[in-house]
There are 2 protein chains.
Amino acid sequence: MKIKRLSSRAADFDAALTQLLAFEATADEKLEATVASILADVRQRGDEAVLEYTRKFDRLPLANAAAMELPREELRAAFDSLPAAQRSALEQAAQRVTDYHQKQVQTSWSYTDADGTMLGQQVTPLDRVGLYVPGGKAAYPSSVLMNALPAKVAGVDELIMVVPTPDGVKNQLVLAAAHLSGVDRVFTIGGAQAVAAMAYGTASIPRVDKIVGPGNAYVASAKRRVFGACGIDMIAGPSEILVICDGKTNPDWIAMDLFSQAEHDELAQAILLSPDAEFIERVAQSADHLLDQMPRKEIIRTALENRGALIHVADMEEACAIANRIAPEHLELSVEDPQAWLPKLKHAGAIFMGRYTSESLGDYCAGPNHVLPTSGTARFSSPLGVYDFQKRSSLIQVSPQGAQKLGAIASELAFGEGLQAHAQSALFRKG
Amino acid sequence: MKIKRLSSRAADFDAALTQLLAFEATADEKLEATVASILADVRQRGDEAVLEYTRKFDRLPLANAAAMELPREELRAAFDSLPAAQRSALEQAAQRVTDYHQKQVQTSWSYTDADGTMLGQQVTPLDRVGLYVPGGKAAYPSSVLMNALPAKVAGVDELIMVVPTPDGVKNQLVLAAAHLSGVDRVFTIGGAQAVAAMAYGTASIPRVDKIVGPGNAYVASAKRRVFGACGIDMIAGPSEILVICDGKTNPDWIAMDLFSQAEHDELAQAILLSPDAEFIERVAQSADHLLDQMPRKEIIRTALENRGALIHVADMEEACAIANRIAPEHLELSVEDPQAWLPKLKHAGAIFMGRYTSESLGDYCAGPNHVLPTSGTARFSSPLGVYDFQKRSSLIQVSPQGAQKLGAIASELAFGEGLQAHAQSALFRKG
């Protein structure tokens, strides 16, 4: 396997790193036009349009709109029929994810100042959330848990899930995860038509306040377009891992961590930073040696050869600076004393600290969310969390006494801005 | 003035309310194409492109790129030369806004579970933020405070401001507010070219991590398009107020509160809900009576006649239900015991409680932010706050003991999803 080697000492390192990280989703005008027309059609014709697209794209002969919904008993049956070990693993993961997310719940707050004026924020959950789950190969039960459980912890009243079932094939693990996460209603629809149905509502599918969850290019485009009619989570780019290693972790472990990112798809990015040049070559040898055991070896090879890199850095300080520049989705800090380096790390979706913390433990069951900012967006955004399913209303209750003081300030500034009704409204209260 | 009257008892009320609230920004293909080309040009040619557009659109004969930046001393001089009353009002407002926003600061947290595994989130400020301030009439110093101070409270390292100065005309109040808020650097550029310069960076203008602040249709389109390269705040629609009044507030006060929204622009929306039909007519009479004193009376009249409404409701319960359906940007609860009704209000950007709390007091100086979700987006989004300038990284440090248990769960689920490298990476740690 030919994985790119870079050195931070090279004169062209900065340009080489920029090129390595460059990724731009190409705009596809035909796809955009298709999505725009599906959205408009569903908005206008509701269920009838959704049924037509589902019959056509998913080859699903639905008799009527009611047939789009899966009975709850079917979800329970899927859960009950799981092998015991799998069911137990799913339950333990769900419990840990729930426990962690409960620490994120935000609560209303207020205070009263000296003249009796009360100020604060009321925090409330969203009423109804829609979860998009892809059909086919990329349908992951862990993704159902990671998207549904924070909404449930936030106190969202109703959680709707859509999952396409092309040719009627259902993913039993996904249905089981939906049951376990407390999803309220499941519809077997997908694509832009499912996003439209949830954003605008139809006779059968209730309008939601926010749509979350991964999807293909049609789903991503549809989510971008309905933003405003409802909220959306982030639009994810290819998955990424950056491993910083001091050279003292088993090189097999590090190679497998790079594989675990690369196996997602050919565009996934896996990068190793180490101050130990000899260690870098040992990781490369481990990768060559381990590749053949991997069922997804062709995907792994393509991803690592095209978008991976093993980078020799001067020292740990420089490794942290490069990590901040990359702002990776997943950052493994496979070093002796990870706490010592944590204050230097500013931008990352999740930081996996110490030799025992493989990214995969966090992906499934450690507790934190696996929906994380990609493509450098960790510079300004955060993991999916309970806070994404809560929102705030400012609270202001001005006392008669407070209205004297605030009325004077507000009217002065309002006159300065030429907004006389604002000024007069404040002066009325000043008395 | 002919303000629409509606009654919740009317058979067609639901349809009438839907029509009243309908607002859709029309897509302007020519504008979109112009913005796309400006963004591409600035991305490629940097300062040269920004200078050309600024000379052309703002008729500003800048000698070179360095001339785009205002010296700090000019900001200070603007502040020092304010009339004392205005300077004091601005200072008091800034202090109150700072005090309130300090309550929003979020801090890192972590916990260690029974087997020694540490989990948490590290909360860090954004490195660099760009604040867009419109030129001309809609340039409000209060808006500078409301956007800049939360970023400063969050601990943002560097705050860049752009403000166009067409024909070289500078708004001294805006410069004074920038000085007071601690803005680090100010550039006299605007439009899509300023958004592009901040999103991508040029030789003279540093790349930012997030762009906030209001702007015209070109700026809004540019912000939507650069999202991903950097973060953006919300894209605001027309401003709105919903007043719920029990009929016992001075009708002049309520009429002026409706005016204070309507005076913003012709598309602003002001609605009154009251169970007291006679009171509604008194507010209408007050409006007729007060209109002539208003310098912006034509804007107020147009807004109220086209988009305003006085709605007679059955009772306060129903008023709260309608408010939740509207999810207004500003909600005045002008009633005897506002605390009693608060639990029934789920969706609003800000709630102004009690007869003394005019929206204008909150717009300028009560403390809470005046950048609020519009067009019903309060169903899923929040006022601008310190949390918009902080982001989180998940922290996971699995202990050797924890790796046994988590490795078993993760590998079971990874095999179930067909991701063998994930499973193997977890099993290596399980040992």
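Structural remarks
- Span-rule helices in chain A, defined as complete DSSP H runs reaching 18 Å or more along the axis (Cα) with Kyte mean at least 0.5: A:141-154
- Inter-copy label distances at A:D288 (7 Å, Cα→Cβ; nm, one decimal): 9.2
- Between A:E24 and A:A203, the simple spin-label model (points 7 angstrom out along Cα→Cβ) gives 4.6 nm.
- For the range A:105-176, average projected area of the Cα convex hull in nm²: 5.9 nm²
- Per residue, the Cα convex hull of the protein assembly as shown amounts to 163 Å³.
- With a threshold of 18 Å on the Cα-Cα distance, the over-threshold entries among B:K2/B:K297; A:K103/A:K152; A:K2/A:K248; A:K391/B:K103; A:K391/B:K391 are A:K2/A:K248.
- Taking a straight Cα-Cα cut-off under 12 Å and skipping sequence neighbours fewer than 8 places away in the same chain, the aspartates and glutamates within cross-link reach of A:K223 are A:E32, A:D233.
- Placing a label point 7 Å from Cα along the Cα-to-Cβ direction at A:D28 gives distances to the equivalent points in the other copies of 3.2 nm, listed shortest first.
- Of the solvent-accessible surface of the protein assembly as shown, computed with a 1.4 Å probe over protein heavy atoms with every protein chain present, carbon and sulfur atoms account for 51 percent.
- Here chain A is assigned +1 on the Cβ of each Lys and Arg and -1 on the Cβ of each Asp and Glu. Its dipole about the Cα centre then comes out at about 1040 debye.
- Two-site FRET efficiency, B:L31 against A:E266, from Cβ-Cβ distance with R₀ of 41 Å, rounded to 0.05: 0.65
- Cα gyration tensor shape for the range A:29-232, rounded if a/c is under 1.5, else prolate or oblate: oblate
- Label point 7 Å beyond Cα along the C-beta direction, distances from A:D337 to other copies (nm, shortest first): 6.1
- Cβ-Cβ FRET estimate between A:A63 and A:N216, R0 fixed at 35 Å, reported to 0.05: 0.85
- The modelled label-to-label distance between A:E318 and A:D157, using points 7 Å beyond Cα along the C-beta direction, is 5.8 nm.
- Counting Cα-Cα pairs of chain A in 10 Å increments starting at 0 gives whole-percent bin shares of 4, 18, 25, 22, 17, 10, 4, 1, 0.
- Note on B:R59: accessible area approximately 130 square angstrom, rounded to 10, probe 1.4 Å, nucleic acids and ligands left out.
- Inter-part distance where the range B:338-367 and the range A:77-102 are each reduced to a Cα centre, Å: 43 Å
- Cα-based shape type of the range B:204-256, given that a ≥ b ≥ c are square roots of the gyration tensor eigenvalues and the cut on a/c is 1.5: prolate
- Solvent accessible area, Å² - B:K297, 1.4 Å probe, full protein context: 60 Å²
- Comparing mean-square fluctuations of B:N369, B:N306, B:N64 from a GNM of chain B with C-alpha springs under 10 Å, the top value falls on B:N64.
- Protein heavy-atom accessible surface, 1.4 Å probe, per residue over the protein assembly as shown: 37 Å².
- Once the Cα-Cα distance is subtracted from the 0.36 nm per residue extended length, the B:F13 to B:V169 segment shows a gain of 51.3 nm.
- Springs between Cα atoms under 10 Å define the GNM used for chain A, and in it the highest mean-square fluctuation of A:L145, A:L75, A:L406 occurs at A:L406.
- The A:E281 and B:S110 beta-carbon pair, evaluated with R₀ = 35 Å, returns a calculated FRET efficiency of approximately 0.45.
- For the protein assembly as shown, with +1 on Lys and Arg beta carbons and -1 on Asp and Glu, the positive-most of A:N306, A:A178, A:A236 along the dipole: A:N306
- Loss of accessible area when B meets A, both sides summed, Å² nearest 100, probe 1.4 Å: 10300 Å²
- Residues losing 30 Å² or more accessible surface upon assembly, the range B:75-118, compared with the chain by itself, 1.4 Å: B:Q86, B:A89, B:Q92, B:R96, B:Y100, B:K103, B:W109, B:Y111
- Within the full protein context, the accessible area of B:F23 is estimated at about 80 Å² for a probe radius of 1.4 Å.
- Cα point-scatterer Debye curve for the range B:1-87, base-10 log of I(q)/I(0) at q = 0.12, 0.25 Å⁻¹: -0.75, -1.20
- Build a GNM of chain B with springs between Cα atoms under 10 Å apart, and of B:E32, B:E317, B:E24 the one that fluctuates most is B:E24.
The values are calculated or read from the model by the stated rules, or taken from the named source; none is laboratory data. Remember, it's a predicted structure, so these values are computed and weren't measured experimentally. Cβ: placed from backbone, ideal geometry, glycine included. Neighbour counts: every protein chain shown. Remember, those area values only see protein heavy atoms, side chains included, never the ligands or the DNA or RNA. Shrake-Rupley method; radii C 1.70, N 1.55, O 1.52, S 1.80 Å.
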